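Structure first, then comments.
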Amino acid sequence: MQWLQAGYVNSKFFHNQARKKIWKNNIKELIIRGNKILGFQQIKEEAFNQYVELYNVVGPVSLEVEQYMLENVPEILSHANNLMLMKEILEEERI
C-alpha cells in the first residue's frame, strides 16, 4: 500500500511497483523429473503435458473409483429430463 501514499502523485513509482510484482510472480524455471525446464514456451508446454497426463486415464477405472466419482458429481438433470435427452432423434425433428 506504499504506492497509495507515494504513488498517488507519482505514476512512475506505481508502474515500477507493478513491474516488480509481475517480475516476482513470474515462473522462470521448473524442475520436473530431474529436468530443468527454462523459457516461457517450454514451461507452457510442460504445464499442458502435466495436466494431460494427470487427467488421462490409462486402462479401466476400478468400480470403486467409478462409484466414488458418480456419487460426488451433483445431479443437475432429473431422471425424466435425462431420458428425454438420451432418446433417439426422429427424422422429422432434424433441421
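Values quoted throughout were computed directly from the atomic coordinates according to the rules given, and no laboratory measurement underlies them. Since this is a predicted model, take the numbers as computed values, not measurements. When we count neighbours, we look across all protein chains shown, and the Cβ atoms used for this are built from the backbone with ideal geometry, even at glycine.
Proximity of backbone amide H atoms, modeled 1.01 Å from N, is registered between residue 37 and 30, 31, 32 at under 5 Å, excluding neighbours fewer than 5 places apart on the same chain. Taking 73, 61, 52 as the candidate residues, the one with maximal mean-square fluctuation in a Gaussian network model of the chain, Cα springs under 10 Å, is 73. Dividing the summed helix terms, -39500 (n - 2.57) for each DSSP H run of n ≥ 4, by the number of residues in the chain produces a 222 nm estimate of -16500 deg cm²/dmol to the nearest 500. Which of 26, 59, 77 sits farthest toward the positive end of the charge dipole of the chain, with +1 on the Cβ of Lys and Arg and -1 on the Cβ of Asp and Glu? Farthest towards the positive pole: 26. The alpha-carbon of residue 24 sits under 28 angstrom from the alpha-carbons of these lysines, leaving out residues fewer than 8 places away in its chain: 12, 36, 44. For the pair residue 90 and residue 16, label points projected 7 Å from Cα toward Cβ lie 7.5 nm apart. With each label modelled as a point 7 angstrom along the Cα→C-beta vector, the residue 36-residue 63 pair spans 5.1 nm. Remark: the Cα gyration tensor places the stretch 2-87 in the oblate category, a/c being 1.5 or greater and a/b not exceeding b/c.
Relative to the Cα centre, the charge distribution of the stretch 13-95, modelled as +1 at Lys and Arg Cβ and -1 at Asp and Glu Cβ, gives a dipole magnitude of about 1240 debye. Relative to the longest principal axis of the Cα atoms of the chain, the long axis of helix 11-24 makes an angle of roughly 50 degrees.
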